[in-house]
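Throughout, read-outs are computed from the coordinates displayed, never taken from laboratory work. A quick note: this is a predicted structure, and the numbers were derived from the prediction, not measured. Note that each Cβ is placed from the backbone with ideal geometry, even for glycine, and that neighbours are counted across all protein chains shown.
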Amino acid sequence: MPWVESTTGEVRDPVLRETFNEAAELYDKARPGYPPALVAELARLTGLRPESRVLEVGPGTGQLTRSLAGFGCHITAVELGDAMAAVARRRLARFPRVDVRHAEFERWPLPEEPFDLVACATAFHWIDPAVRLEKAADALRAGGRLAVVVTHHVAGGTTDFFTRVQDCYERHDPATPPGLRLRPSSEICSDTQEIEDCPRFGDVTVTRCEQDITYTADQYLDVLCTYSGHRALDSTRRAALLACVRDLIEKGHGGRITKRYLHELTVATRVTP
């Protein structure tokens, strides 16, 4: 996996989609949560309140779920991976209104009572595009909201590291295009065409929020080991790649680097049929 990969790619290889489940505990430990400002805007735009019924698709181990649960709403979280779902249940045990289901969203039978909000964070691209919008619309009441969060890896933070680390990828990951570089947020175009083209949704809005996170070498390698492309590398290539990245962080950057993320929140309203 090239190190600049965005989570917006339409990669639906079932092997890659299920690699997260192999590292559920590491995923929970290493993956960052979402900025409070983004969560607050999601709640404002969707009218989230204690009586709201929320369907979260692909919650992972609950990075967004924990923030949404803080509003006191009823959440049904549908997670593909059994290990991921187990960690999510443990992490969300203090929220009695959260129900984590182990199921594939595409085949999960919708309850009769519709939801006020369908949310999906950094997982929408893994869902079958022939199903995801139609089923989200089916799950919502008229006037309900769809909220999708997409995460991009963008230029910023320790910029010299992210330029130099490309050499590690070009040496050890044959899928890496030569000369690949992170782009600044200003060059990342929002892609809302799919939702705007769906006649069952309207009033599409996009909110952007950046966050910088500083990692030690161990912490950053943990994050890399939660990405599907890194996990899909054969063990020899992966070990060599991670050793190269570690060496660059420890010897070239004093043992710490800062990574910049761009989170995009797209909210759309379920229109009356």
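If a residue must be in contact with a helix residue (DSSP H, G or I) (Cβ under 6 Å, 6 or more places away or on another chain) and part of a helix (DSSP H, G or I), how many such residues does region 185-201 contain? Before the answer, list the steps.
Narrowing region 185-201 to residues in contact with a helix residue (DSSP H, G or I) (Cβ under 6 Å, 6 or more places away or on another chain): 198, 200-201.
Adding the requirement that they be part of a helix (DSSP H, G or I) leaves none.
Number satisfying all stated conditions: 0.
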## Note on the structure
Going through region 138-182 in order, the residues found to be among the hydrophobic types (A, V, I, L, M, F, W, C), surrounded by 13 or more Cβ atoms within 10 Å (Cβ to Cβ) and within 23 Å of I249 (Cβ to Cβ) are V154, A155, F161, F162, V165, C168, L180, L182
### Query
What are the residues in region 224-246 that are of a type in the set (A, V, I, L, M, F, W, C) and surrounded by fewer than 18 Cβ atoms within 10 Å (Cβ to Cβ), if any?
C225, A232, A239, A240, A243, C244
### Query
Do we have any residue at all in region 109-129 that's farther than 30 Å from R183 by Cα, in a helix (DSSP H, G or I) and over 18 Å from the mean Cα position of the chain (by Cα)?
no
### Query
Taking region 56-83 as the search range and keeping residues that are of a type in the set (G, A, S) and within 22 Å of P36 (Cβ to Cβ), which one is surrounded by the fewest Cβ atoms within 10 Å (Cβ to Cβ)?
G70
### Message
Residue under question is D167, and the condition is that it be within 24 Å of the chain's Cα centre (by Cα) and acidic (D, E); does it hold?
### Response
no
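Might you let me know whether region 247-255 holds any residue that is surrounded by 13 or more Cβ atoms within 10 Å (Cβ to Cβ) and of a type in the set (K, R)? Let's see the steps before the verdict.
Initial filter on region 247-255 (surrounded by 13 or more Cβ atoms within 10 Å (Cβ to Cβ)): 248-250, 252-253, 255.
Subset that is of a type in the set (K, R): none.
Looking through region 247-255, none of the residues is surrounded by 13 or more Cβ atoms within 10 Å (Cβ to Cβ) and of a type in the set (K, R).
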### Task
Take R90 and decide whether it is surrounded by fewer than 22 Cβ atoms within 10 Å (Cβ to Cβ) and outside any strand (DSSP E or B).
yes
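Would you mind finding the one in L242, L221, L233 that is farther than 24 Å from L38 by Cα, free of Cβ contacts under 8 Å to residues at least 24 places away in the same chain, touching a Leu at 6+ places or on another chain (Cβ under 9 Å) and of a type outside the set (G, A, S)?
On the way: L221 fails: free of Cβ contacts under 8 Å to residues at least 24 places away in the same chain; L233 fails: free of Cβ contacts under 8 Å to residues at least 24 places away in the same chain.
Just one listed residue meets the conditions, L242.
Can we say A136 is more than 17 Å from the chain's Cα centre (by Cα) and on the phi < 0 side of the Ramachandran plot?
On the way: more than 17 Å from the chain's Cα centre (by Cα): yes; on the phi < 0 side of the Ramachandran plot: yes.
Spelling it out, A136 is indeed more than 17 Å from the chain's Cα centre (by Cα) and on the phi < 0 side of the Ramachandran plot.
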### Task
Name the single residue, out of those in region 256-273 being among the aliphatic types (A, V, I, L, M) and either crowded, with 17+ Cβ neighbours inside 10 Å or free of Cβ contacts under 8 Å to residues at least 40 places away in the same chain (or both), that is nearest to T163 (Cα to Cα).
I257
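Restricting attention to region 53-68, which residues are in a loop (DSSP other than H, G, I, E, B) and of a type in the set (G, A, S)?
Just the residues of region 53-68 that are in a loop (DSSP other than H, G, I, E, B), to begin with: 58-64.
Within region 53-68, G58, G60, G62 meet the criteria.
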### Message
It is to be established whether one or more residues within region 204-218 are buried (at least 18 other Cβ atoms within 10 Å of the Cβ) and in contact with a Ser or Thr (Cβ under 7 Å, 6 or more places away or on another chain).
### Response
no
## Note on the structure
Conditions (1) in a helix (DSSP H, G or I); (2) within 30 Å of R141 (Cβ to Cβ); (3) of a type in the set (V, I, T) -> V204 fails only (1)
